[in-house]
1. So, of the residues in the stretch B:1-16 that are more than 13 Å from B:Asp72 (Cβ to Cβ) and among the hydrophobic types (A, V, I, L, M, F, W, C), which turns out to be farthest from the other protein chains (Cβ to nearest Cβ)?
2. With the requirement that a residue be under 14 Å from the mean Cα position of the chain (by Cα) and more than 10 Å from B:Arg54 (Cα to Cα), what does the stretch B:69-79 give you?
3. For the stretch A:66-84, state whether one or more residues are free of Cβ contacts under 8 Å to residues at least 40 places away in the same chain, among the hydrophobic types (A, V, I, L, M, F, W, C) and farther than 23 Å from B:Glu44 by Cβ.
4. Within the stretch B:56-73, can you find the residues that are surrounded by fewer than 23 Cβ atoms within 10 Å (Cβ to Cβ) and either among the hydrophobic types (A, V, I, L, M, F, W, C) or within 9 Å of another protein chain (Cβ to nearest Cβ) (or both)?
5. Quick check: anything in the stretch A:223-232 modelled with pLDDT of 95 or more, under 19 Å from the mean Cα position of the chain (by Cα), outside the structural domain of A:Leu130 (by TED's automatic domain parsing) and charged (D, E, K, R)?
6. Specify which of the listed residues (A:Glu59, A:Glu49, A:Glu26) is more than 13 Å from chain B (Cβ to nearest Cβ), over 23 Å from the mean Cα position of the chain (by Cα) and at negative phi.
7. Go over the candidates A:Thr76, A:Thr12 one by one and state the one that is β-branched (Val, Ile, Thr) and in the same structural domain as A:Gly110 (by TED's automatic domain parsing).
8. Applying the selection to the stretch A:219-247, what residues are surrounded by 15 or more Cβ atoms within 10 Å (Cβ to Cβ), over 15 Å from A:Cys277 (Cα atoms) and out of contact with any Lys or Arg (no Cβ under 7 Å at 6 or more places or on another chain)?
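The values are calculated or read from the model by the stated rules, or taken from the named source; none is laboratory data. Given the structure is predicted, the values throughout are model-derived calculations rather than measurements. Here the Cβ positions follow ideal geometry from the backbone for every residue, glycine too, while neighbour counts run over all protein chains shown.
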Amino acid sequence: MKASAFAYARATSVANALELLSVHGERAKVLSGGQSLLPAMNLRLIAPELIVDIGQLAELRGIVVKGGVLTIGALTRHADLLKSPEIATHLPLLKDAVAHIAHPAIRNRGTIGGSLAQADPASELPACMLTLGATIIARGVGGERRIAASEFFAGIYETALTPQELLVAVELPVPPKNSTYFFHEFTRRHGDYAIVGLAALAAVEDGRFDDLCLGYFAVRDRPLLAKSAGKLVDVAVTSAVLSEACSALAEELDPLEDQQATPAMRRHLAKVLLTRCVASLLARRDLCAGGPA
Amino acid sequence: MTATIEISLSVNGERVEANVLPRLNLADFLREHLKLTGTHVGCEHGVCGACTVRVNGDIVRSCLMLAVQAHDATIETIEGLSDSGEITDLQAAFRERNALQCGFCTPGMLMTAQDLLKQSPSPDREQIRDHLSGNYCRCTGYQAIVDAVETTARARTGQSP
């Protein structure tokens, strides 16, 4: 189908975009790469009265590393993240995750800011932000707000952003040198939205987890930083310990039912991912043998 | 409030000026305003890949881009790639290997395959499948398409087929 009629404004600066949003707020939608917004409009799931196109705002594009923090501009495309030497060096988890987002032609338009503001519970980047401890920078006419990723995602397509605010950048602390990561998602076909996915970051010392962050996606209405990770930190991980963590994980999830999977199937797959993740990060193949895999 | 917007862009090397409604997507602009009907419109929500075109050198879904977003951009369609001779060998390989039947997906397939070959001149079959994974073909079962892309890659890099 075709999108219904709307008015269009091409923002000439961030200040101009914020003025437009302060006047039109609720009736407007911000257009960056359009890879989620335009399908929704073409399918007539939404019909905004005004589109504020921020695509030309070069100041919102780019990746900067400074003082142990990576700042990524909202308009940085998935394709830019994939090609960035800074991301490959400091945040290989993010690079791995981006390779799972849709297809090349989509990654050439889709942006990190767009993906986070869209907050699709089955998308990769929101979960990565939780795992990596990101701070989301939102700007309004009155100034800037820094929002922890853990406070940002509020539900299906819902975030802490007000209709008058613009997501301008994300800040990601560079993980310690000895960090390791795991990323995997289950999909029906390559490039589809995940049935269940996991973005994990860990610090491993002498075969034990010093730290473990498990960012799950498509397991409830928003990404989840699993508390059950705590059961695996500072202990000798045995099959029994892992099995207990898996049970605790299943309790934490609140999976949605859709055409792709039942809640029970999603719980099962989340446990499979946890088992594979722990076995991979600790280089312990034996842990996969008795688990739910 | 839904007035037309003036746009100026380059399409296959020619300057184009137009007034368009904001809701018009780039695929419909190319097909209906410029009569460049090689760009096909399938699903209209970014899934099938039949509308793939190049914008500033990158492949994109023209159904997921508004014509107004193409202001100041350089667009290349299948007509442009075909007329310039850039993909003559790839087109011949598709024909020879029967890598098309109805032909609906073919412009998008050629666009995407050429994009891969520009970035990675000697892809293996897995890389070819990965790059083409966002382009649907309901006739061939993909095997022949992967063959044709592989054959073209080998010929271009001087390897025997």
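1. Per the stated criteria, the residue is B:Ala3.
2. Once the filter is applied, which keeps residues that are under 14 Å from the mean Cα position of the chain (by Cα) and more than 10 Å from B:Arg54 (Cα to Cα), the stretch B:69-79 yields only B:Glu79.
3. yes
4. Within the stretch B:56-73, the subset surrounded by fewer than 23 Cβ atoms within 10 Å (Cβ to Cβ) is B:56-58, B:71-73.
Result: B:Asp58, B:His71, B:Asp72, B:Ala73.
5. yes
6. Unique residue meeting the criteria: A:Glu26.
7. The match here is A:Thr76.
8. A:Arg220, A:Asp221, A:Arg222, A:Pro223, A:Leu224, listed by residue number.
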